[in-house]
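Heads up, the thing below is written out as structure tokens.
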Amino acid sequence: QFVYRAYNSTSCASGTGIGEPSNSVAGTCSNISVEGIGGAVQVTCSVFVNVSSSASPSPSKAPDSDPCFPADGVLSLENGLQKRMDELEIGDRVQVGVNKYSDVYFFGHKLARGTYDFVQLVLENGRKLELSKSHLVWATKKWKRGEDVKLGDLLLDVVENRMVPVASIQMVKKSGLFNPHTLQGDLVVNGVQASSYTEIL
């Protein structure tokens, strides 16, 4: 099984596994990526882990219940270019707020195949954001899960740098399931302020 790990040292020998099964017993590191961030070193290590058959499997969630965006979600990069979710790579510096950018350091999900359910939020100015039900979005000056956003809630349009009311909400089916995480913790998707997470820390 393939998982990502992120570490704060130059070695993949220790650290917290991200998305690692609770019954994993061993693994081999590969595809190690190292980058300097603010004087520290960030290591992203792709790991193949062996899963013990004797351990009881943990309950699994439906993939589209996880915090994610569809493949065609668009992010703006610091270099002025734009990328779709399915084109994004670890190390890309993406917009996370008004005139703010941060590095993508791992993906919670990176599934190009399959069709999944998303909440579609359409703003009064026509801007659209699709996200999973559990994903956080900045709505009426606080973080809300996608499924909790209501008509009239104000979302931050980062392109126009203003709060814009939600005019329409519906469930849609779209391809792909992607959850990039930035070091800063937020994301701007299709010009709308969102987060990498489902929980407010």
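Each value in this text was obtained by applying a stated rule to the coordinates, not by laboratory testing. Keep in mind that this is a model prediction, so the values were computed, not measured. Note that each Cβ is placed from the backbone with ideal geometry, even for glycine, and that neighbours are counted across all protein chains shown.
Quick rundown of the values:
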quantity: Protection proxy ranking of 180-188, 85-93 - average other beta-carbon atoms within 10 Å, highest first; calculated: 180-188, 85-93
quantity: Qualifying lysines (Cα of each under 29 Å from Cα of residue 100; at least 8 residues distant if same chain); calculated: 83, 110, 128, 133, 141, 142, 144, 150, 174
quantity: Cα gyration tensor, segment 69-147 - rounded (a/c under 1.5), prolate or oblate; calculated: oblate
quantity: Dimensionless Rg ratio for segment 65-201, taking C-alpha atoms and the 2.2 N^0.38 Å reference; calculated: 0.93
quantity: Whole-number percent relative contact order across segment 141-194, with pairs defined as alpha carbons under 8 Å at least 6 apart; calculated: 33
quantity: Cα gyration tensor shape for segment 152-201, rounded if a/c is under 1.5, else prolate or oblate; calculated: oblate
